[in-house]
Amino acid sequence: MLPDSDLPKELLIELLGNRKEVLFVEGTEGSYDKRIYSALFPDCYVVPSGGCEQVINNVKAYNRTSSLHAIKAQGIIDRDFKTEEQLNALKEKGIFHLKVAEVENLFLTKEAVQILSQRFGADADKTFSSIKTYISERFSKQAKKQISEALVAGVKEVLSGITISDNEQLTADGIVSLINIASIEKNVNDRYQQAIEDHDYNEILGLFNDKSLATSVGHYFGIDNKIYVDRAISLLEGDLRDELSEALRHYISH
């Protein structure tokens, strides 16, 4: 008899019949996430779980069924707008994060661009320099929007952590008093402005939440923008598995 679990019964049965380490990730069965992580971690049973919160919940739920198996589950989430403090707390629970904002951004890292440039017959240094300039300038132009979204995410995170006792009723003013919006705003602004001023490409990739980025750079390699990510993943799954895997794993916290 299966124990009570927050995991769907069908998924729990599927996982219990598996002998690989379990890795919960974001995305769906048909998304880039599953293909990328399956190629990067071939010894793991990769389970796409939707969004970040569901990955976190699935890891916790599966590990609570340890009486039925000896396999520990871990998770990988997008960095999104999370702070270092939040990410470190999750890491202690076996939930790691990308050092780039979106999984597709892995193919915008210097190492990936240079490896793929050689395969596509483009000059590696010139291609990376052009992509770095393009993304840095685009990030600067969209900074206000990105900062606003990060501020909203920071406030939501604080709100989700508020606990209310049985006999307590919070007022709107009471809720506002629990959130130091000025401090959150300053931290967000400082981090984004610093990345721009320092021309810190890795930090920009970690902060830039825009899924269209990776599908806008194909022309720098001499290929169609729309097929760049699919071609990159196919090479990660095939001829360039070892080389690309070694490069991309550096961008996943551990």
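The values are calculated or read from the model by the stated rules, or taken from the named source; none is laboratory data. Values in this document were obtained by computation on a predicted structure and should not be read as measured data. Cβ atoms come from the backbone with ideal geometry, glycine included; neighbour counts cover every protein chain shown. Surface accessibility is based on the protein's heavy atoms, side chains included, excluding ligands, DNA and RNA. Shrake-Rupley method; radii C 1.70, N 1.55, O 1.52, S 1.80 Å.
The figures follow:
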| read-out | value |
| --- | --- |
| Residues (open to solvent by less than 50 Å² (accessible area, probe 1.4 Å) and of a type in the set (G, A, S)) located in the stretch 123-138 | A124, S130, S136 |
| Selection count, the stretch 106-130, where residues are in a helix (DSSP H, G or I) and under 18 Å from L240 (Cβ atoms) | 17 |
| Within the stretch 223-238, considering residues that are without any contact (Cβ under 8 Å) to a residue 60 or more places away in the chain and in a loop (DSSP other than H, G, I, E, B), the one least open to solvent (accessible area, probe 1.4 Å) | G238 |
| Residue check for A247: touching an Asp or Glu at 6+ places or on another chain (Cβ under 8 Å), of a type in the set (G, A, S), modelled with pLDDT of 95 or more and part of a helix (DSSP H, G or I) | yes |
| Elements of type helices (runs of 4 or more DSSP H) contained in the stretch 139-222, each with 2 or more residues being open to solvent by 30 Å² or more (accessible area, probe 1.4 Å) and closer than 21 Å to Q86 by Cβ | 143-160, 181-198, 201-207 |
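Table: residues versus (1) under 22 Å from the mean Cα position of the chain (by Cα); (2) β-branched (V, I, T).
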| position | (1), (2) |
| --- | --- |
| V152 | yes, yes |
| K156 | yes, no |
| G174 | no, no |
| L178 | no, no |
| A195 | yes, no |
| D198 | no, no |
